[in-house]
Amino acid sequence: MKATDRLASQFGSTMMESLGHRDPSASAHTPPKVIAMADQSTGRRMLREAAHIDLDRIIPDPNQPRKTFTEENISSLAESLKTRGQLQPIRVRWSQDLGKFVIISGERRYRAATRAELKSLACVVVDGELTEAELRIDQLVENLLREDLKPIEAATSYKELMGLNGWTVQQLADSLKVGKGTVSKALALLDLPADIQGQVESGAIPPASAYELAKLPTPEAQRELAARIVSEGLRRDEVAEVVSEANGKKPKRSGEPAEPKDKPTVTKREFEVGNARVVITWHKKTVRPKDIVAALEAALAEARGPTEEAPAEDAA
């Protein structure tokens, strides 16, 4: 037996390959490795709820929290739908009573599609029964995410969400990831008379100034100051100053030193003998015992009068 054959039988083909000897028939039967390439279906799932629905089968929800839609906004979106198509589906639910799909979110796109004379809209159909509270919560949360949301709209949505969920201001703020102060200031606007709320909504009175207005005790006082805000163009800090004065508080002006929180405690002692009385007053936090003794000695020296001149030590 040849040496190479003996090594092959003893150690197998691996060592023989390392020595430069290959079996030409071995590679012919080794299947090549196949690497699977990802295609467009990888990681993709079709939505069962997605559908194109004819516009005449869709109606707005009469209880939709959003009541105002600007003409300019609808016209602009209608032109976009004509030229670019629908970029985002709306959400709808089926109403057996109405025999229509009722809009949960996306009424602005529906109005624009009607303006653009489209035949259908891409929709996501929410299956299952939604309670009135669940439906309203969905709509309110979507409403609060709008960039063009007006102050009174936001305040009304906050209040309704709190009522539906039984939430406190803090719980609402935590749920929406906004500051508690933001919610509190918004809710304060709802305490204003309806006519002033209208001025806030129209932009005649800034929300920050309106929040200060809400601190006045009566609607009459609020209306009077609201008129000044509009006519004189008062800034928020000026409104706050007027409100503080009206409520009997001294407004803190910029640059004024802050009043000390803890005023020093004054201690007073009186000593009376016969017709004479000595009164000592000192601040408990700052006085030292030796200071009191020094004051007593000074008072004693003054009471005794000038002392006689002491004899000179060097006298003969």
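The values are calculated or read from the model by the stated rules, or taken from the named source; none is laboratory data. Small disclaimer: the values here were computed from a predicted structure and weren't measured. Here Cβ is always computed from backbone atoms with ideal geometry, including for glycine, and neighbour counts include all displayed protein chains.
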Kindly indicate whether GLU270 is charged (D, E, K, R) and modelled with pLDDT of 70 or more.
-> yes
Would you check if LEU130 is closer than 20 Å to ASP61 by Cα, in a loop (DSSP other than H, G, I, E, B), among the hydrophobic types (A, V, I, L, M, F, W, C) and over 19 Å from the mean Cα position of the chain (by Cα)?
-> yes
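Within segment 101-121, how many residues are more than 32 Å from the chain's Cα centre (by Cα) and part of a strand (DSSP E or B)?
3
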Checking ALA240, ALA210 in turn, the sole residue that is without any contact (Cβ under 8 Å) to a residue 40 or more places away in the chain, part of a helix (DSSP H, G or I) and within 20 Å of GLY181 (Cβ to Cβ) turns out to be ALA240
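Residue-wise test of (1) of a type in the set (Phe, Trp, Tyr); (2) at pLDDT 70 or above; (3) surrounded by fewer than 10 Cβ atoms within 10 Å (Cβ to Cβ); (4) in a loop (DSSP other than H, G, I, E, B).
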residue: THR281; (1), (2), (3), (4): no, yes, no, no
residue: ILE292; (1), (2), (3), (4): no, yes, no, no
residue: ALA295; (1), (2), (3), (4): no, yes, no, no
residue: GLU302; (1), (2), (3), (4): no, yes, yes, no
residue: ALA310; (1), (2), (3), (4): no, no, yes, yes
residue: GLU313; (1), (2), (3), (4): no, no, yes, yes
Just one listed residue, out of ALA78, ALA122, is of a type in the set (A, V, I, L, M), on the phi < 0 side of the Ramachandran plot, surrounded by fewer than 18 Cβ atoms within 10 Å (Cβ to Cβ) and at pLDDT 85 or above, and it is ALA122
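Tell me which residues, restricted to segment 37-60, are part of a loop (DSSP other than H, G, I, E, B) and free of Cβ contacts under 8 Å to residues at least 12 places away in the same chain.
Initially, segment 37-60 is screened for residues part of a loop (DSSP other than H, G, I, E, B), giving 37-49, 60.
Selection gives MET37, ALA38, ASP39, GLN40, SER41, THR42, GLY43, ARG44, ARG45, MET46, ARG48.
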Quick one: which of ILE196, ILE152 is surrounded by 15 or more Cβ atoms within 10 Å (Cβ to Cβ), modelled with pLDDT of 95 or more and not assigned by TED's automatic domain parsing to the domain that holds ASN73?
-> ILE196
